[in-house]
Amino acid sequence: MPLQFYRSVRDMEIWSASSHGFSFVISFESPGGPGFHGRSGYLASWRPLHNNQAAIKIGGSPFRTLAEAEGACLNMIEHLAPR
C-alpha cells in the first residue's frame, strides 16, 4: 500500500499523503527558526480522512530523516487498512 507524499506547503517542510481512507502528514520541527517549533526532527501523524478527528502522532516521532518518517507511515497504513 504505497503512500505518495508530496510537499503541501511551499515555504514550510510539510508533506502529506492519503490512502485507504487515512491521511498522513510529516512536518519538520526545530527549536528555533521558521516553521513548527519542537524537538528537531520529522514528526509523523495520521488521522481518518473523513472524520473530524484530531491527528495521532506516530510512535518514534520525531524521526531523524524524512525517509524514516515515511517508513513509519508505511508501517502504520499496513496496520490501519483493511486486508
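The values are calculated or read from the model by the stated rules, or taken from the named source; none is laboratory data. Just so it is clear, the structure is predicted and the values come from calculations on it, not from any experiment. Note: ideal-geometry Cβ built from the backbone for every residue, glycine included; neighbour counts use all protein chains shown. The protein model used for the area step is the full one, side chains on, heavy atoms only, and it has no ligands, DNA or RNA in it. Shrake-Rupley method; radii C 1.70, N 1.55, O 1.52, S 1.80 Å.
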Non-local amide H neighbours of Ile58 (under 5 Å, H modeled in plane, Pro and chain starts lacking H): which ones?
Ala44, Ser45, Trp46
For Leu49, enumerate residues with amide H under 5 Å from its amide H, sequence gap 5+ or separate chain, H modeled in the peptide plane.
Phe22, Ser23
Grab the DSSP H runs of the chain that are 4 residues or longer, score each as -39,500 (n - 2.57), total them, divide by all residues and round the 222 nm result to the nearest 500 deg cm²/dmol.
-6000 deg cm²/dmol
Just grab the label-to-label distance for Ser40 and Ala67, each label 7 Å out from Cα along the Cβ direction, in nm (one decimal).
1.9
Ser30 paired with Glu78, simple spin-label distance in nm, labels 7 Å along Cα-to-beta-carbon:
3.2
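How high is the relative contact order of segment 1-72? Use alpha-carbon pairs under 8 Å, at least six apart in sequence, and give a whole percent.
Values: 139 pairs, mean separation 15.4, N = 72.
The value is 21 percent.
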Mean projected area in nm² (Cα convex hull; one quarter of hull surface) for segment 14-80
4.4
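What does the accessible area per residue of the chain come to in Å², with a 1.4 Å probe and no ligands, DNA or RNA counted? The partial results should precede the final answer.
Values: 5300 Å² over 83 residues.
Result: 64 Å² per residue.
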Helix 66-80 axis, angle to the chain major axis (alpha carbon atoms, nearest 10°)
30
³J(HN,Hα) computed for each position of segment 20-29 - Karplus, 6.51 cos²θ - 1.76 cosθ + 1.60, integer Hz, glycine/proline x:
6, x, 10, 10, 10, 9, 10, 10, 8, 10
Size of charge dipole - the chain - debye, nearest 20, with Cβ of Lys, Arg +1 and Asp, Glu -1, no other charges
120
Once amide H atoms are built 1.01 Å from N in the peptide plane, which residues 5 or more positions from Ser8, or in another chain, come under 5 Å H to H?
Ile14, Trp15, Ser16
